[in-house]
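Just below is one structure, and these are the notes that go with it.
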Amino acid sequence: MLEPGFVRFDREIAERQAGGPPPRASPPQMSLNLGILLALISALAGNAAFFLKHRGAVAAAPVDIRHPLRSAIGLWRSRWFAAGMAVGLVGWLLHVAALTLAPLSVVQAVIAGGVALIAVMADRLFGLRVERRQWWGVGLTAVGLMLLAVTMPRVTGASASYSLAALISFEAGLLGVGALLIIGPRAAGARAEHHGIALAAASGILFGVCSVSIKALSGLVGMQGAIALLSPWTAVALLASASAFYASARSLQVGGAVEVIAITGSAATICTIAGGVLVFSDPMPGDPLGITLQAIAFLLVIGASALTPAPRAALVAPRPAAAPLS
């Protein structure tokens, strides 16, 4: 039997005054939770994609930026590499979806947690040898990146408003650093493994540039519609993505899988979290404890970068041939 409306209304008032049933999650909070879930799945897909691409890249002809089309065709002819790109595309689409639902720094901090699984996936799923110091390096990297996530102030919703001057300065600076890391080691005559680490860092930085550009585009599309895709930030995202593609593929050819994937992910994470704070005004901790923990987190990531590369003896050892993808 239905109770009269005024009785139900009085009961709802009494429940609220007495502390009643807990309120449902607000739409912004639900959006944030969904964005975090999509970011986590994106992290797992991204790791798997990198390992598949590594298996294909080491069997392909060396990447030569002077012949970009020939290099790309050679990589895509490897079914392992093509499979990795397909998985990576799924992860990227999930990443883009997460960026439209949650703040940039939160999304990237969640994705950073995937670094903790790199050594496990390499050892258990892909049969790659992981040195003890690499376990420590990947573990410390994961702890540092997750500390960044824990100490970020709680926010709801996806803020895509930004300062144009900050966005231009931030992305121009990162593009310059990425170019220096690509060209510098070869010009200085660095060993191949060192060049691979530099290329991994460069590709991570360029992936970060792409993420920041996509975040800016998501806000423009929300205000202006599809016409916003004609923005210069679309061109910046495409340029950074293409450059990262070649830098990442070459780094997988000349560097070890674990260190290259870990450094690429760490560089992308740090650059994107920095973009969230500097460009999109994501909040930073204001208490001394939070500031101290974030400083420790950055020091852990920097220190771990010295442990992640394998010993030179392991690098010069012959690599097993990649099995055909059936």
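Under the rule a/c < 1.5 gives rounded, and otherwise a/b versus b/c splits prolate from oblate, where does region 84-127 land using the Cα gyration tensor?
Oblate.
Sort 70-76, 267-273, 201-207 by the packing proxy (mean of other Cβ within 10 Å over each peptide's residues), most packed first.
The packing order, highest mean first, is 201-207, 267-273, 70-76.
Return the sequence-ordered ³J(HN,Hα) values of region 226-236 in whole Hz as given by the Karplus equation 6.51 cos²θ - 1.76 cosθ + 1.60 applied to θ = phi - 60°, using x for Gly and Pro.
4, 4, 5, 5, 7, 5, x, 5, 5, 5, 5
For a protection proxy built on the mean count of beta-carbon atoms within 10 angstrom, sort 284-295, 173-184 highest first, please.
173-184, 284-295
Using each residue's phi in region 205-219, evaluate 6.51 cos²θ - 1.76 cosθ + 1.60 at θ = phi - 60° and report the 3J(HN,Hα) Karplus result to the nearest Hz, with x for Gly and Pro.
Listing the rounded values in order: 4, 5, 5, x, 4, 4, 4, 5, 5, 5, 4, 5, 5, 4, x Hz.
Since every read-out is calculated from the coordinates, none of them should be taken as a lab result. Values in this document were obtained by computation on a predicted structure and should not be read as measured data. In this analysis, Cβ positions are derived from the backbone assuming ideal geometry, glycine residues included, and neighbour counts consider all displayed protein chains.
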